[in-house]
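Right, one structure below, let's go through it.
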Amino acid sequence: MADQSVTPRLIPDLWSRVDKVALTGALIVAVLAISDSSAVVPTLQETADHWLGTLPFILFAVFAIGVMKATGSERLLDGVFEGRETRMIILGALAGGLSPFCSCQVIPFVAALLAAGAPLSAVMAFWLASPLMDPAMFSITAGGIGWDFAVAKTVAAVGLGVFGGLTVKLMANSPVFADPLRVQPKIGGCCGSKKLTLNWRFWEESDRRGIFARTTWENFVFLGKWLLLAYLLQSLMIAYVPAELISTVIGGDGLGPILLGALVGAPAYLNGYAAVPLIAGLMEQGMSPGAAMSFMIAGGVSCIPAAVAVWALVKPRVFAAYLGLALSGAVIAGIVWGVVA
């Protein structure tokens, strides 16, 4: 008699192996082919042109990540969370805004910091800044939106970290931040937490060469597929979403578009790299610079990987404070950028 349990196990196993990003792109193209077949080739050509235009930035980004991982330069962060609390907050925000940590790597790193007794204020500064900017994100943002926006977002990331860290420090004795940790935090993530000793001449060791090659390729595939999907969505948005609608809803000056950008960005944001082309397309359609910045900041901090990292380690009231600080900082960043841009 055939094993009837094979089929139920086979379907979830096959589904887990499917690349969801590639599948989403294929389904979008299939729907477009059914609904407007004449638009398929022009849309794919426009998507490819945008992606190839960003390719130099992708290559620079993945090369930089590969070098950082292979050299063990993450070790440079070891001394950040030592010393006076205000100094730790500032350095934590700088480290979060400039380091190559992905959202899942933050979980074991922050868990170790909290277990070692690092103040929540400094950890919060790192937490808030970390999802917003890293070398790869800066490169992709500069290529997709512009160097001025990339620099401004970096400043906003560090500023949000400092703002959040100082707020937690001032409210450290309040009921919100008293006893902030879960009893048994879940520590894990998709990335290994082991750090290498620092060695800038990584090519001299076979293990480090392997880390460089593997990290570079994995990040190239990750960035490449997400940006392909994003540029596909951008092409469709420009073609089918009226510019007048964008201009009416999130265009123009004032606080309204900035607030809306933050409120929409928080739940709608899925991936920081994919958000760059989408925001670029929205800005072409009339999205205000302040709304674009608030969307990017609020969405980056509250995206699922970053939010899960916080939820796994702290109690719900601290998690709510994290989201509140993210939204407040996003609105402030949007207002400032709306005036400066």
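The values are calculated or read from the model by the stated rules, or taken from the named source; none is laboratory data. Here the structure is a predicted model, which means the values were calculated and not measured. Positions of Cβ are backbone-derived with ideal geometry, glycine not excepted, and every protein chain shown enters the neighbour counts.
The C-beta contact set for the range 322-341 (first residue more than 14 Å from ILE258 (Cα to Cα) and touching a residue at least 60 places away in the same chain (Cβ under 8 Å), second residue in a helix (DSSP H, G or I) and not hydrophobic (A, V, I, L, M, F, W, C), distance under 8 angstrom, 6+ apart or interchain) comprises TYR322/GLY164; LEU325/GLY164; LEU325/THR167.
If I filter the range 131-156 down to residues being of a type in the set (Gly, Ala, Ser) and touching a Ser or Thr at 6+ places or on another chain (Cβ under 7 Å), which single residue comes out as farthest from GLY300 (Cα to Cα)? By that ranking, first place goes to GLY143. With the condition kept exactly as written, say whether any residue in the range 239-257 is surrounded by 24 or more Cβ atoms within 10 Å (Cβ to Cβ), farther than 21 Å from TRP147 by Cα and either modelled with pLDDT under 70 or among the aromatic types (Phe, Trp, Tyr) (or both). Checking the range 239-257: at least one residue is surrounded by 24 or more Cβ atoms within 10 Å (Cβ to Cβ), farther than 21 Å from TRP147 by Cα and either modelled with pLDDT under 70 or among the aromatic types (Phe, Trp, Tyr) (or both).
The set of residues in the range 142-158 being farther than 17 Å from LEU91 by Cα and among the aliphatic types (A, V, I, L, M) consists of ALA142, ILE145, ALA150, VAL151, ALA152.
Residues of the range 18-60 that are acidic (Asp, Glu) and either under 22 Å from PHE138 (Cβ atoms) or in a helix (DSSP H, G or I) (or both): GLU46, ASP49. Annotation for the range 203-219: no member residue is of a type in the set (Phe, Trp, Tyr), in a helix (DSSP H, G or I), surrounded by fewer than 18 Cβ atoms within 10 Å (Cβ to Cβ) and at pLDDT below 85.
The criterion of at least 2 residues that are crowded, with 23+ Cβ neighbours inside 10 Å and at pLDDT below 80 is met, among helices (runs of 4 or more DSSP H) falling completely within the range 68-174, by 103-115. Note on the range 299-338: residues that are assigned to a helix (DSSP H, G or I) and at pLDDT below 85 total 12.
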